[in-house]
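Take a look at the structure set out below.
The values are calculated or read from the model by the stated rules, or taken from the named source; none is laboratory data. Not measured: the values here are computed from a predicted model. Cβ coordinates were reconstructed from backbone atoms using ideal geometry, including for glycine residues, and neighbour counts include every protein chain displayed.
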Amino acid sequence: MCGGFTCSKNALTALNILYILVAFILIGVAVYGRASALVTNLPIIGGILACGVFLILISILGLIGAIKHHQVLLFFYMLILFLLFLVQFSVACACLAFNAEQQHQLAEQGWNNVASDTRQKVQKTFDCCGFGEEHRNESILTSTSIPQDKCEAACCSDGKGGCLCSTCMGKLQSTINYAFKLCGGIGLFFSFTEFLGVWLTVRYRNQKDPRANPSAFL
């Protein structure tokens, strides 16, 4: 019957296989979030990436424990999975809670710390020059005059020794915001499946294998 030992075992096994798929989704989304911003320092998105990698390792532990009905492995799996749920839930909420001002500060730190060739790559990709003047409370793109030898963007190739281009922060803002919301939303959604895994593990761990020796519960 469903709810018995065999059903719980199959459900926990299937859930851990799902966790492996979820982990690859989290890793892919986090990598996209970091790559799309190019220069921005996004440690919270890095936290989502770390959760994805860690979830793969935990899923392997859960699969072994579920197949063998190993009490010790299931206990540590349950404990670590619950801690991972707390971390991933917190990180996902932090991603969703970041406002434009905080995103701007992270982007500015990243811009100041990267190499000049990376800045040139961003300026070429987004057709912008410089990080920009501080207009954090405005939604419009700001413009700035940048010497041509410091910017290789198409908008700065008029050959007159200067250019008038949109700032890179103006064009990166929407990309950064989307990366935060995407990572936060997916991380928050899948964190609840981990809580389901904890509940299912507790239930499965307390059940006895009907095929085993009744005196050998371990």
Please verify whether Gly46 is more than 14 Å from Phe190 (Cβ to Cβ), out of contact with any Leu (no Cβ under 6 Å at 6 or more places or on another chain) and surrounded by fewer than 22 Cβ atoms within 10 Å (Cβ to Cβ), treating the condition exactly as stated.
yes
Residue by residue through region 27-42, note down the ones that are in contact with a helix residue (DSSP H, G or I) (Cβ under 8 Å, 6 or more places away or on another chain), assigned to a helix (DSSP H, G or I) and modelled with pLDDT under 80.
Val29, Ala30, Val31, Tyr32, Gly33, Arg34, Ser36, Ala37
Being within 30 Å of Asn16 (Cβ to Cβ), of a type outside the set (A, V, I, L, M, F, W, C) and over 16 Å from the mean Cα position of the chain (by Cα) is the filter here; which residues of region 73-112 pass it?
Tyr77
Can you run down the residue pairs with Cβ atoms below 9 Å, 6 or more apart or on separate chains, where the first is in region 92-107 and touching a residue at least 60 places away in the same chain (Cβ under 8 Å) and the partner is assigned to a loop (DSSP other than H, G, I, E, B) and of a type in the set (D, E, K, R)?
Ala100/Arg136; His104/Glu134; His104/Arg136
Selected residue (criterion: modelled with the highest pLDDT) from residues of region 142-167 that are in contact with a helix residue (DSSP H, G or I) (Cβ under 6 Å, 6 or more places away or on another chain) and assigned to a helix (DSSP H, G or I)
Cys156
Being surrounded by fewer than 17 Cβ atoms within 10 Å (Cβ to Cβ), more than 30 Å from Gln120 (Cα to Cα) and at pLDDT 90 or above is the requirement here; does Ile60 meet it?
yes
Taking the criterion of being under 26 Å from Leu49 (Cα atoms), at pLDDT 75 or above and not aromatic (Phe, Trp, Tyr), would at least one residue in region 130-138 satisfy it?
no
Kindly provide the set of residues from region 110-120 that are surrounded by 13 or more Cβ atoms within 10 Å (Cβ to Cβ) and in a helix (DSSP H, G or I), ordered by number.
Gly110, Trp111, Thr118, Arg119, Gln120
